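**Q** Take this structure first; my questions come after.
The values are calculated or read from the model by the stated rules, or taken from the named source; none is laboratory data. This one's a predicted model, so the numbers in the text were calculated from it and none came from an experiment. Cβ placement follows ideal geometry from the backbone for every residue including glycine, while neighbour counts extend to all protein chains displayed. Ligands, DNA and RNA are excluded from the accessible area calculation, which covers all protein heavy atoms including side chains. Shrake-Rupley method; radii C 1.70, N 1.55, O 1.52, S 1.80 Å.
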Amino acid sequence: MIIASMIVKTETEKVNDIVLKLQKLPNVTTHGVHKENNIIVLVEAESDDKLKEIGRYISSEFEGVYGTYPTFVSGDEEIGLDTAV
Amino acid sequence: MKKFYLITLFLVAIGIVSLGFTNNQSDEKHPDVDWSIGCQDCHAEETPDIYKAWENSSHGMVNFGCYICHGDGEVTFYSQGSDATCGGCHAGQLVEFEKTKFNSCYDCHNGHTLKFHNE
Amino acid sequence: MSLSRRDFLRASALAAAATTLGIGSVFNNKVLAKAGIDKEQFIQDSRGVKWHKSVCRLCGVGCGVMLGVKDGKPFGIRGDKENTINEGLLCVKGFYLNKMISAKNRLLYPMIRKNGKLTRATWDEALDLVATKFSEIRDTHGSDALAFYGSGQAETEETYVANKLFKGHIGTNNVEGNPRLCMASAVGGYISTFGADEPVGTYDDIEKCDMFLLIGSNTAEAHPVLYDRLVKRKKRNPNVKVVIIDPRKTPTNKIADLHLQVIPGYDLAIVNAIAKLLIDNGHTDEQFIKDSVNFSDGKNPITYDDYKKFLKKYTPEYAAEQCGVSPEDIKKAAKLFGEVPRVMTMWCMGVNQRVAGVFLNNLIHNLHLLTGKIGKDGCDSFSLTGQPNACGGVREGGGLSHLLPGHRVVANAQHRKEIAELWNVSPDKIQPKPGKHTVAMFDALGKDIKGMYVLCTNPAQSLPNLSKYLKGMEDAFLVVAESFHPTETTQLADVILPAAFWGEKEGVYGCTERRSQHMAQALQPMGEARWDGFILADLAKRMGYKENFEHFTSAEAIWSEYIKSTKGKDMDLTGAPYSRLKEVRGLRWPVPSVDHPGTTHRFTKGDPYFPEDKAAGRRMYFYTKPDGRAVIYARPDKGPEEKTSKEYPIALTTGRILEQWHTMTMTGQVPELVRAAPEPYVEINPDDAKDLGLSTRDKVRMVTKRGSLIVEAKVIDRPRKGTIFVPWHWPESLTNILTIDAVDPGSKEPEYKVAACRLEKV
């Protein structure tokens, strides 16, 4: 399991809609809207590729998203430890 | 499209891989350039305003180079610095942000001069 | 109870995002609370980091650093804000120290050369081989067929054990170290002028100084944190003046008020001219001269009048012509020096690495003695050091061929007796004749010297006129104790021993301002690496000297024995046992007792050895001289060994850049630092470049009598016309095949700073 956080920057007027849409995605949780148009998103993905996929999906499929900005990704080596907890 | 700086910030020293997923041109990769040229040599020509601002700043005065805040560009790249980096040297001036209305060193120390409120 | 691994990662991820947005300092309460994570617990877990007090591993400034360790691994580096040298500030090199610990080129196990190839071995195999070979060489060819070559980066404890083994037990004075290549002329200057090595003042003088005279020092790049103190001093007090004497415009020029850009190797005339002008302008302190100064021509005592006669020749016009600067600038510099109340002169390799190195050191001291600008706040004749423990380990610890611990010399029977007693050996075990100095030692290697132990240094890159010495290193039985492999030297070795690196060992470093500082062991050595102190003690045991080394079970045990040798000496460290050093940010000797605060100015009130009775009212009494007087020397303006000629019209000078350190063994492992200057280059003055039709990044061949090298040209208005500057860091481009191995007759330090060369466009 990879744990990552990212900031989703959106058009200000669409931010709340996007939060609602994000909350519907599996393994994605949102953690508030900050400074008008920045959504903190936590993603728990099975693999690196899956994580990239989610990122791309948010960037390209959601209208009003300027970009997704990864801020933290737990490394592959941590996965073993993580699942052992 | 509006340009944003991408910010990658690593807080804890656990294995971290860097990911580049964004629909934005200015992702966290430094453009692929001739890496045999040092950062300052190249930026003095390519981004002279930024270079001048840096050169005349306290960091420029003591030749505290680009790579400290921005990484080497090729292996690591951070388009914006992090508080953790500042704290590495300015260990004597750490701020307890919770007691202030500010959240980051960069809230007050702006631009490439990093002067207080860009004074 | 700790957070689960998963919660910890979640919290870290959220905290990172929050900080990026600038909505939480480092850990945002609200964000974490919403995620159901206890903030306090997170802070504790994320900071499961223990910070250990240490000293920077790089230059000689001695900055305090804190090394953070988490789960037994290096976590990060922080400047030590409690340390008064740097108050938390680090330079770009020190900032990446933690990356050097876990660098990819760490040597993790011993290796022995078998059939021409270095192959992995056990510690027993390796050390038995070294002990057997060394014993064989000693028994067949005599003890002087062995040699030790150490380092200003070794801890004092390490150098002490090596010294004890080689000088006291094997019985050879062939004990040298790389400080011979950088500091020996400063030592020669201090000893001849003041009777004792190392500066009178300390860094404290910087904040009280009105004028800094920098000679042959690119402080901004070589000693960045000290430079930052100069910058701050000048910023807060715009009247503070900075005068530079150097063949190159360097980044230090950013704070310069006056730059005398001299022809390399000819600056002695300027310093004599300044001395003449100080006298002519009435800027001398006649009372101080009367009280505390003798005059000498280098052989015999002379009078003040003789000295004035000697100076007659050194008019500003004469000096200007010799050095290629304007007489007006020399007058300005002299006027400033004389008029401002407090002056510090600082110098480094540009002065020391010269065949006239000791002379120039003497001439600098002359200026301070003539004006009495010494031994008081804001004044000093202050030599800067390039390595972190050149002063502490090698100069104080006696790690050169003519020295013994505690500012003693092998030639003195009483000194030999005292140290033999401490080492529990017969006094005649220590030879009275100095061993071979570094250049002579490597010259004899593979001939008279059959076996050498190299500790923590890289002579196969750093020796001058390098090509001449490589064969000796190949031919002899060469043992190299190193933390890194490959280096130019380990590649020539017969045995390489993995040494614990900085942070993985405990010990003491003594920096430029006579300050000894303790470094904690924060980590276990990587792989099979062991601490050099233990490796040497183990070797001693295997060579049959068990009795006098078996009590060396810790760094503290070695330090405790060493400081006994300093009792009652001018460099008394008796008051600096480990128990005290662990608590404080270093102590500046003399510090004769555990309740003594250390000394800021020597030879004056406040120095515990200042003899008030003998001084009889005089402000300074140089008690290391027989009559308490320092010496002003009439030294002629000796030029460089190799003058430029028709065939070799360009003066080549070597040096350093900010981001790299020495042979790049450590700093070359940090991608950020490599990025600053990725390729070897030569700085060429635009006028010279024009004559040769050269542009930046063109390949250019540099040819000296000793070799040639092709690098990229960097056309830049830094070196003066007719001069080129080559940084010597890159192992793939060995600058030292160009340099000359002529040495100063007194200090035996080679002239890295001046060689004659010719440029060819490739």
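**Q** Do any of C:Lys308/C:Lys332; C:Lys99/C:Lys582; C:Lys290/C:Lys331; C:Lys569/C:Lys605; C:Lys93/C:Lys117 go past 22 Å between their Cα atoms, and which?
**A** From the list (C:Lys308/C:Lys332; C:Lys99/C:Lys582; C:Lys290/C:Lys331; C:Lys569/C:Lys605; C:Lys93/C:Lys117), the Cα-Cα distance tops 22 Å for C:Lys99/C:Lys582; C:Lys290/C:Lys331; C:Lys93/C:Lys117.
**Q** Also, I was wondering about something else. Accessible area drop of at least 40 Å² (1.4 Å probe, protein heavy atoms): which residues of the range B:68-109 qualify, relative to the chain alone?
**A** Output list: B:Ile68, B:Asp72, B:Gly88, B:Cys89, B:Ala91, B:Glu98, B:Asn103.
**Q** Something else: Name the aspartates and glutamates eligible as straight-distance cross-link partners of C:Lys468: C-alpha to C-alpha under 14 Å, and not fewer than 8 places from it in the same chain.
**A** Reachable aspartates and glutamates: C:Asp443, C:Asp741.
**Q** Please give the calculated 222 nm ellipticity per residue for the protein assembly as shown, where each DSSP H segment of at least 4 residues contributes -39500 (n - 2.57) and the sum is spread over every residue; nearest 500 deg cm²/dmol?
**A** Calculated at 222 nm, the ellipticity per residue is -8500 deg cm²/dmol.
**Q** Once you've got the Cα coordinates, tell me which of A:Lys9/C:Lys104; C:Lys373/C:Lys748; C:Lys564/C:Lys614 are over 31 Å apart.
**A** Table pairs above 31 Å Cα-Cα are A:Lys9/C:Lys104.
**Q** Probe radius 1.4 Å, ligands and nucleic acids ignored: give me the carbon and sulfur share of the accessible area of the range C:184-384 as a rounded percent.
**A** 51
**Q** Non-local amide H neighbours of C:Val410 (under 5 Å, H modeled in plane, Pro and chain starts lacking H): which ones?
**A** C:Leu403, C:Leu404
**Q** Quick one: which residues, 5+ away or cross-chain, put their amide H under 5 Å from the amide H of C:Val715? H built at 1.01 Å from N.
**A** Distant-sequence amide H within range of C:Val715: C:Ile684, C:Thr696, C:Arg697.
**Q** Roughly speaking, what is the centre-to-centre gap between the range C:184-248 and the range C:710-756 when only Cα atoms are used, to the nearest Å?
**A** 23
**Q** Tell me the total accessible area that B and C bury against each other, 1.4 angstrom probe, in square angstrom rounded to 100.
**A** Buried: approximately 3500 Å² between C and B.
**Q** Taking the Cα centre of the range C:650-761 as origin and charging only Cβ (+1 Lys, Arg; -1 Asp, Glu), how large is the dipole, in debye to the nearest 20?
**A** In total the dipole reaches around 220 debye.
**Q** Quick one: ranking B:His59, A:His31, B:His112 by accessible area, 1.4 Å probe, largest first, what do you get?
**A** B:His112, B:His59, A:His31
**Q** Note down the nm distance, to one decimal, between modelled labels 7 Å out along Cα→Cβ at C:Lys208 and at C:Asn237.
**A** 1.0
**Q** For the range C:375-390, take each phi angle, set θ = phi - 60°, evaluate the Karplus expression 6.51 cos²θ - 1.76 cosθ + 1.60, and give the result in whole Hz per residue in order, putting x for glycine and proline.
**A** x, 9, 3, x, 10, 5, 10, 10, 7, 8, 10, x, 10, x, 9, 5
**Q** Let me ask you something else. Sequence neighbours fewer than 8 away in the same chain don't count; with that in mind, list the aspartates and glutamates whose C-alpha is under 12 Å from A:Lys52.
**A** Within the straight-line cut-off, A:Lys52 pairs with A:Glu44.
**Q** Still on this structure, I have one more. Provide the packing ranking of A:16-23, C:433-440, C:346-353, C:607-614, i.e. peptides ordered by the mean count of other C-beta atoms within 10 Å per residue, highest first.
**A** Top of the packing list down: C:346-353, C:433-440, A:16-23, C:607-614.
**Q** Hey, if you put +1 on the Cβ of every Lys and Arg and -1 on every Asp and Glu Cβ in chain A, which of A:Phe72, A:Leu51, A:Val19 ends up farthest toward the positive end of that dipole?
**A** Of A:Phe72, A:Leu51, A:Val19, it is A:Val19.
**Q** How would you classify the range C:69-131 from its alpha-carbon gyration tensor, with a ≥ b ≥ c the square roots of the eigenvalues: rounded for a/c under 1.5, else prolate if a/b is greater than b/c, otherwise oblate?
**A** Prolate, because a/c is 1.5 or more and a/b exceeds b/c.
**Q** Is chain C best put as rounded, prolate or oblate by its Cα gyration tensor, with a ≥ b ≥ c the root eigenvalues, rounded for a/c under 1.5, and otherwise prolate when a/b is larger than b/c, oblate when not?
**A** The shape class here is rounded.
**Q** Within the range C:692-762, list the GluC sites (Glu not before Pro) lying in a DSSP loop whose Cβ has at most 16 other Cβ atoms in a 10 Å radius.
**A** In loop regions of the range C:692-762 (DSSP not H, G, I, E or B), the sparsely surrounded GluC sites (Glu not before Pro) are C:Glu732.
**Q** For the range C:614-762, what's the relative contact order in percent, using C-alpha pairs closer than 8 Å and at least 6 residues apart?
**A** Relative contact order of the range C:614-762: 31 percent.
**Q** Now for a different question. For the range C:499-522 and the range C:304-356, what is the separation of their C-alpha centers, rounded to whole Å?
**A** Rounded to whole Å, the Cα centres lie 38 Å apart.
**Q** Of C:Lys164/C:Lys433; B:Lys52/C:Lys232; C:Lys81/C:Lys249; C:Lys70/C:Lys541; C:Lys50/C:Lys164, which ones are farther than 27 Å apart at the Cα?
**A** Over 27 Å Cα-Cα: C:Lys81/C:Lys249; C:Lys70/C:Lys541; C:Lys50/C:Lys164.
**Q** Hey, what's the range C:130-261 come to in accessible area per residue, 1.4 Å probe, Å²?
**A** About 22 Å² of surface per residue is accessible.
**Q** Right, here's the next one. Determine the dipole magnitude for the protein assembly as shown: charges of +1 sit on the beta-carbon of Lys and Arg, -1 on that of Asp and Glu, nothing else is charged, the reference point is the Cα centre, and the result goes in debye to the nearest 20.
**A** Dipole of the protein assembly as shown, to the nearest 20 debye: 1680 debye.
**Q** A:Glu46 accessible area, nearest 10 Å², 1.4 Å probe?
**A** We get 140 Å² for A:Glu46.
**Q** Am I reading the B/A interface right? What is its buried accessible area, both sides, 1.4 Å probe, to the nearest 100 Å²?
**A** When B and A are taken together, about 1800 Å² of accessible area is lost.
**Q** Can you list the HN-Hα couplings for the range C:298-305, worked out from phi with the Karplus curve (6.51, -1.76, 1.60; θ = phi - 60°), rounded to whole Hz and with x for Gly and Pro?
**A** Along the range C:298-305, the couplings run x, 10, 10, x, 10, 9, 4, 5 Hz.
**Q** About the Cα centre of chain C, what is the dipole size in debye to 20, counting +1 per Lys and Arg Cβ and -1 per Asp and Glu Cβ, all else neutral?
**A** Approximately 1160 debye in magnitude.
**Q** Read phi for every residue in the range C:350-356 and hand back ³J(HN,Hα) as whole Hz from Karplus 6.51 cos²θ - 1.76 cosθ + 1.60, θ = phi - 60°, with x for Gly and Pro.
**A** x, 9, 6, 7, 8, 5, 10
**Q** I've got another one for you. Report the residue, chosen from A:Gly67, A:Gly32, A:Gly55, that carries the largest GNM mean-square fluctuation when chain A is represented by alpha-carbon nodes joined by springs under 10 Å.
**A** A:Gly32
**Q** Say the dipole of the protein assembly as shown comes from +1 at the beta carbon of Lys and Arg and -1 at that of Asp and Glu; which of B:Pro48, C:Pro247, C:Ser192 then lies farthest toward its positive end?
**A** The residue sitting farthest along the positive end of the dipole is C:Ser192.
**Q** Then there's this: Taking H placed 1.01 Å from N in the peptide plane, check which residues at least 5 places from B:Lys115 or on another chain put their amide H under 5 Å from its amide H.
**A** B:Asn110
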